[in-house]
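Enquirer: Below: one structure in structure tokens.
What follows draws every value from the coordinates through simple rules; no lab data is involved. Since this is a predicted model, take the numbers as computed values, not measurements. Quick reminder, even Gly has a Cβ in these numbers, built from the backbone with ideal geometry, and neighbours come from all protein chains shown.
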């Protein structure tokens, strides 16, 4: 006895429809997974960049305050404590010796500490607003900025871009720092900014300008830049002023400093 089966003509069509449906769902899942992975990757990058940015700001602050604090608290960079005494008495520390800058405002470069710079149209102090940090920020932020290695601590007022490494020379350079394994700021042994290969590094220096309200006085600003990963931060702070002794008297501190003095343009 023969048995006959009648084939449903819709079976093949239904199988094809299910396959297409599965492929569509699978495609949606693949696209969704790819987008999710891309979003997660972007989120990780943004989080890392935000972390590096915050760390670079803190590192810049630490480097800047390190130099400012040392300077106003008897830093002796050259180690020449026995060379001379200030007129008012005391040791030959940097803040004392820097008073000679005010006494020689027409040609001050000889009296600068190795970590000091000034912007000028010629060779005298003739600028009453700090601008060196902005010039460095312009150079670091520009695409393929040309390196302009300084040969003197005088920066031409026509210079609009400098790299941090341009501030380093044999006879003068900013203070260079890095971070040790304990996360503490320490002096770097590298010769210049580019030679320091650590992921955390900072440089600090002082810019000297004319006091905007007294043409017989000078102001000092500490400036710093730090880099953590690919993030860089730039900060500056007023350090203090040197005034004419004939005006304020011989017993005035060699550096009149106050964080409350407004030095904004």
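Enquirer: Ranked from highest to lowest mean number of other Cβ atoms within 10 Å per residue, what is the order of the peptides 237-244, 67-74? Before the final figure, lay out the partial values.
Expert: Values: 237-244: 19.9, 67-74: 17.8.
The peptides rank, most packed first, as 237-244, 67-74.
Enquirer: So what is the relative contact order for the stretch 56-248, in percent, with contacts set as C-alpha pairs under 8 Å and at least six apart?
Expert: On the way: 378 pairs, mean separation 47.2, N = 193.
It rounds to 24 percent for the stretch 56-248.
Enquirer: Mind checking the full-extension length gain between residue 191 and residue 25? Use 0.36 nm per residue of separation minus the Cα-Cα distance, one decimal, nm.
Expert: Details: separation 166, 0.36 × 166 = 59.76 nm, distance 6.02 nm.
Gain in length upon complete extension: 53.7 nm.
Enquirer: Which order do the peptides 54-60, 199-205 take when ranked by the mean count of other beta-carbon atoms within 10 Å per residue, highest first?
Expert: Most protected by this proxy first, the peptides run 199-205, 54-60.
Enquirer: To continue, here is another question. Please list, by residue number, everything in the stretch 191-233 whose backbone N is under 20 Å from a paramagnetic label point 7 Å out along Cα→Cβ of residue 58.
Expert: Residues 198-204, 224-233 fall inside that zone.
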